[in-house]
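First up is the structure itself, then whatever we jot down about it.
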Amino acid sequence: MFKLETEEEFERKRNQDSQESVRRLQDFLEEEDVHMDQYQLADKTLLRYALLMDIVQPSSRRSVCFTKGYGHYVEGTGSVLQCSADVELESAFKSLELLSQEDKLQRLLQLKLRYFTPREIANLMGFPQDFSFPKHTSIKQQYRVLGNSLNVQVVSRLISLLSSN
């Protein structure tokens, strides 16, 4: 155990990631490019909330629920993505509390943590590829709208089942 989670939570997450019938997060991600810098977690956020974040990797098959506070608040608003594949999450958090603030920050920065983009969340929610927000919609507004939405495919299936009766 290397973060502030119980053994049960850790085991539940491990079981969820082993579900072969569930697609990996990497299937929903955008290509990494220069505009991804705006989604990197701020140093202050890393230092203050690292132990509370739900950190997932592209190979993960789970995330926590994305809420309208995503990108603005950290705790309980959605998972963050570890973009550095060559750094073990457990080793990054090992004895973290014993380090100076600067050393702690350097260790956490190695993980290359970032928020999911609004497009990636839309992908996870089942929105079609041609879906887009109006041109002048801020990222914060996009997160708010997506955080209040339901998975399009799930709703479609439920309506189909309800209307067939």
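The values are calculated or read from the model by the stated rules, or taken from the named source; none is laboratory data. The structure displayed is predicted, hence computed values, not measured ones. In this analysis, Cβ positions are derived from the backbone assuming ideal geometry, glycine residues included, and neighbour counts consider all displayed protein chains. SASA here: full protein model, heavy atoms, side chains in, ligands and nucleic acids out. Shrake-Rupley method; radii C 1.70, N 1.55, O 1.52, S 1.80 Å.
For region 6-22, what are the residues that are surrounded by 11 or more Cβ atoms within 10 Å (Cβ to Cβ) and in contact with a Lys or Arg (Cβ under 8 Å, 6 or more places away or on another chain)?
Hits for region 6-22 are LYS13, GLN16, ASP17, VAL22.
Restricting attention to region 122-140, report how many residues are surrounded by 12 or more Cβ atoms within 10 Å (Cβ to Cβ) and touching a helix residue (DSSP H, G or I) at 6+ places or on another chain (Cβ under 9 Å).
Residues meeting the conditions: 11.
How do the pairs read when you match residues in region 105-131 that are part of a loop (DSSP other than H, G, I, E, B) with residues anywhere that are aromatic (Phe, Trp, Tyr) and open to solvent by less than 60 Å² (accessible area, probe 1.4 Å), using Cβ under 9 Å and keeping only pairs 6 or more apart or on different chains?
Pairs found: PHE116/PHE28; PHE116/TYR39; PHE116/PHE66; PHE116/TYR70; THR117/TYR39; MET125/PHE66.
For region 62-92, which residues satisfy the criterion of being part of a loop (DSSP other than H, G, I, E, B) and polar (S, T, N, Q)?
Scanning region 62-92 gives SER63, THR67, THR77, SER79, SER84.
For region 90-106, how many residues meet the condition of being surrounded by 15 or more Cβ atoms within 10 Å (Cβ to Cβ) and within 28 Å of ILE139 (Cα to Cα)?
1
Considering only residues that are assigned to a helix (DSSP H, G or I) and of a type in the set (Lys, Arg), look in region 132-162 and name the one that is farthest from THR67 (Cα to Cα).
So, considering only residues that are assigned to a helix (DSSP H, G or I) and of a type in the set (Lys, Arg), the one farthest from THR67 (Cα to Cα) is ARG157.
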